[in-house]
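Heads up, the thing below is written out as structure tokens.
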Amino acid sequence: MEIGNLIRMANRIGQFFEAMPDRQEALEGVANHIHKFWEPRMRNELLGFLERHPDGNATDERLHPLVLEAVTQNRQRLTPLARVA
């Protein structure tokens, strides 16, 4: 999947959870949603984007601040397990 589409999807998730009054609950909501509903390939692409752009900003794409914080804090949990052949 193209990284621009993933970032737009992630940003919509961030916008939804941004309305929550409890920031920690919002961060957990973003991380849970990405963990539960994004396939490993999508999570790997998002994590790879953050390896290349740790501030969440690229020339054409920018991660919502809530998404950036949620993914950064939960990187280990969001990293798909390697499959054993």
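Bear in mind that the values in this text are calculations on the coordinates, not laboratory data. This is a predicted model, so every value here is computed, not measured. Here the Cβ positions follow ideal geometry from the backbone for every residue, glycine too, while neighbour counts run over all protein chains shown.
Projecting the Cα atoms of VAL71, MET20, LEU81 onto the charge dipole of the chain, computed from C-beta unit charges around the Cα centre, puts LEU81 farthest toward the positive end.
Highest mobility in the GNM of the chain, judged by mean-square fluctuation with C-alpha springs under 10 Å and restricted to GLN15, GLN73, GLN24, is found for GLN24. Once the Kirkwood radius over Cα pairs is known for the chain, the Stokes-Einstein relation at 20 °C and 1.002 mPa s delivers a diffusion coefficient of 167 µm²/s.
Membrane-span-like helices in the chain, defined here as complete DSSP H runs extending at least 15 Å along the helix axis by their C-alpha atoms with mean Kyte-Doolittle hydropathy no lower than -0.5, are 3-18; this is a sequence and geometry rule, not a statement about a membrane.
Let me have the relative contact order for the chain, percent, based on Cα pairs under 8 Å that are six or more residues apart. Walk me through the numbers before you get to the answer.
On the way: 73 pairs, mean separation 34.1, N = 85.
With pairs under 8 Å counted, the relative contact order is 40 percent.
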